[in-house]
Number of protein chains: 2
Amino acid sequence: MNERERGDRILNFYNDKRRMPSYREMLKLFSFKSTNAVHKLVEKLITAGFLSRDGSGHLVPGEGWGQVRMLGLVEAGFPTAVEEVELDTLSLDDWLIEKKESTYLLRVKGESMINAGIREGDMVLVEKTARVKTGDIVVAEVDGEWTMKYLREKSGERYLEPANPDFQPIFPRETLSIVAVVKAVIRKYT
Amino acid sequence: MNERERGDRILNFYNDKRRMPSYREMLKLFSFKSTNAVHKLVEKLITAGFLSRDGSGHLVPGEGWGQVRMLGLVEAGFPTAVEEVELDTLSLDDWLIEKKESTYLLRVKGESMINAGIREGDMVLVEKTARVKTGDIVVAEVDGEWTMKYLREKSGERYLEPANPDFQPIFPRETLSIVAVVKAVIRKYT
DNA sequence: AGTATAAGTGAACACCCGTTCACCAGTCAA
DNA sequence: TTGACTGGTGAACGGGTGTTCACTTATACT
């Protein structure tokens with residue numbers, strides 16, 4: 001069993017249980033009989049970057065050992081098992097979510113944003129924020145109704161434009177309040 | 001400071017440091033002066049579902065308190081602050097990734113799947129697996145080249161079909177090996 | 001006013017944690 | 001063959017951990 005494999009085993013424990021194993025638990029994990037063996041192994045895994053310590057000395061998963069291995073372009077093909085070590089890994093949560101308190105996941109209804117690649121049933125990750133620019137896809141309340149559209153501006157007036165020629169732009173009669181900005185689109189295949 | 005707020009503060013610590021705070025650390029977190037106060041608070045947060053204990057009694061984040069709050073349809077609008085408590089939350093990682101060891105993230109190149117809502121620059125979450133069905137979007141190697149297409153079957157023969165009328169279906173001359181199945185598409189706006 | 005109940009203090013305790021020390025077996029190079 | 005190095009055992013230790021007990025203070029309900 002090599003170093004990489006052992007690091008993976010610890011990180012799998014973390015992913016399962018949402019916490020690091022104690023040295024005594026690692027005894028069983030590796031069939032060791034002395035916590036000192038674990039101690040030495042952990043020190044090596046730390047210098048190797050699999051694990052690390054936070055400010056107060058507690059063991060935490062190493063930087064850049066998130067959940068998914070990221071590869072290059074599709075055309076480039078898959079790397080061999082040997083190369084995999086070099087790859088960057090990341091957690092989707094950390095990658096997509098900037099402010100967890102104000103981030104929400106919505107299911108999309110309707111086909112009004114089809115030309116932006118957003119289809120009925122997709123999930124959109126939105127952030128409640130005041131920092132909106134024209135051109136962003138926003139969730140807004142216009143005249144009492146909720147929709148998701150492009151935010152546009154013409155002669156100083158903001159309006160909403162769908163990404164579907166079958167729908168008409170929405171010029172607010174009374175109120176146009178931007179509630180959230182779409183940060184990402186996630187489509188999951190069953 | 002109410003219960004919800006205190007639970008959030010602990011979970012924020014967890015999201016920051018990737019581990020649970022100790023009772024002594026929570027002292028500072030809540031400006032308490034006795035670990036017993038923390039103890040009682042934690043017990044309440046556990047019965048409230050914010051936190052929980054794993055098999056060996058260690059403190060872990062409660063079930064269903066992942067990263068993102070999930071809401072209903074866009075048309076439904078945002079709930080008020082009071083209602084938010086009722087919402088389901090989940091971790092994108094847990095939701096999207098089934099087998100972490102064989103899951104990879106690829107950046108899409110080309111427009112051949114545009115009608116499936118997959119555009120150049122999107123990220124696709126793929127899983128190296130043998131369980132492929134016709135109709136799935138797959139990453140495959142045909143005659144030495146790598147592409148992502150729909151997997152189709154006609155008269156017992158498997159071929160690849162793009163989701164773009166400008167491209168032609170690919171009937172393998174020599175080899176067609178399915179490398180991975182596309183499980184999800186993620187488009188991130190900057 | 002009286003009294004439960006909730007919420008926090010302060011101290012004590014047993015236990016588990018990570019660390020360390022001394023020691024041993026195998027391997028590989030000089 | 002010697003010597004250094006790697007990877008493991010076994011035991012011991014100090015400190016941090018969660019828990020518990022007795023007590024105090026504040027809030028709320030008759």
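The values are calculated or read from the model by the stated rules, or taken from the named source; none is laboratory data. The model shown is predicted, which means the values in this text are computed figures rather than measured ones. Cβ atoms come from the backbone with ideal geometry, glycine included; neighbour counts cover every protein chain shown.
Filter the strands (runs of 3 or more DSSP E) completely within the stretch B:106-190 down to those with at least 3 residues that are farther than 23 Å from A:Gly121 by Cβ and either of a type in the set (D, E, K, R) or more than 8 Å from every other protein chain (Cβ to nearest Cβ) (or both).
Passing ranges, in order: B:137-142, B:145-154, B:157-161, B:176-188.
So, in the stretch B:30-59, of the ones that are away from chain A (no Cβ under 12 Å) and away from DNA strand C (no atom under 12 Å from the Cβ), which residue ends up modelled with the highest pLDDT?
If we take residues in the stretch B:30-59 being away from chain A (no Cβ under 12 Å) and away from DNA strand C (no atom under 12 Å from the Cβ), then B:Ile46 is modelled with the highest pLDDT.
Considering every residue within the stretch B:10-23, establish whether at least one is touching a strand residue (DSSP E or B) at 6+ places or on another chain (Cβ under 6 Å), free of Cβ contacts under 8 Å to residues at least 24 places away in the same chain and buried (at least 16 other Cβ atoms within 10 Å of the Cβ).
Yes, the stretch B:10-23 contains a residue that is touching a strand residue (DSSP E or B) at 6+ places or on another chain (Cβ under 6 Å), free of Cβ contacts under 8 Å to residues at least 24 places away in the same chain and buried (at least 16 other Cβ atoms within 10 Å of the Cβ).
Taking A:Glu75 and the conditions (1) modelled with pLDDT under 85; (2) surrounded by 15 or more Cβ atoms within 10 Å (Cβ to Cβ); (3) among the acidic types (Asp, Glu), which numbered condition does it fall short on, given that it satisfies the others?
(2)
Those residues that are among the small types (Gly, Ala, Ser) and either more than 18 Å from A:Lys109 (Cβ to Cβ) or surrounded by 19 or more Cβ atoms within 10 Å (Cβ to Cβ) (or both), I need them from the stretch A:147-172; list them, please.
Result: A:Ser155, A:Gly156.
With the requirement that a residue be in contact with a strand residue (DSSP E or B) (Cβ under 9 Å, 6 or more places away or on another chain) and within 25 Å of A:Leu106 (Cβ to Cβ), what does the stretch B:89-106 give you?
B:Thr89, B:Leu90, B:Ser91, B:Leu92, B:Asp93, B:Trp95, B:Leu96, B:Ile97, B:Glu98, B:Thr103, B:Leu105, listed by residue number.
Are any of the residues in the stretch A:45-60 outside any helix (DSSP H, G or I), among the aromatic types (Phe, Trp, Tyr) and touching a helix residue (DSSP H, G or I) at 6+ places or on another chain (Cβ under 8 Å)?
Scanning the stretch A:45-60 turns up at least one residue that is outside any helix (DSSP H, G or I), among the aromatic types (Phe, Trp, Tyr) and touching a helix residue (DSSP H, G or I) at 6+ places or on another chain (Cβ under 8 Å).
If A:Trp65 meets every condition in (1) modelled with pLDDT of 85 or more; (2) away from DNA strand D (no atom under 14 Å from the Cβ) apart from one, which number is that one?
With respect to (1) modelled with pLDDT of 85 or more; (2) away from DNA strand D (no atom under 14 Å from the Cβ), A:Trp65 is out only on (1).
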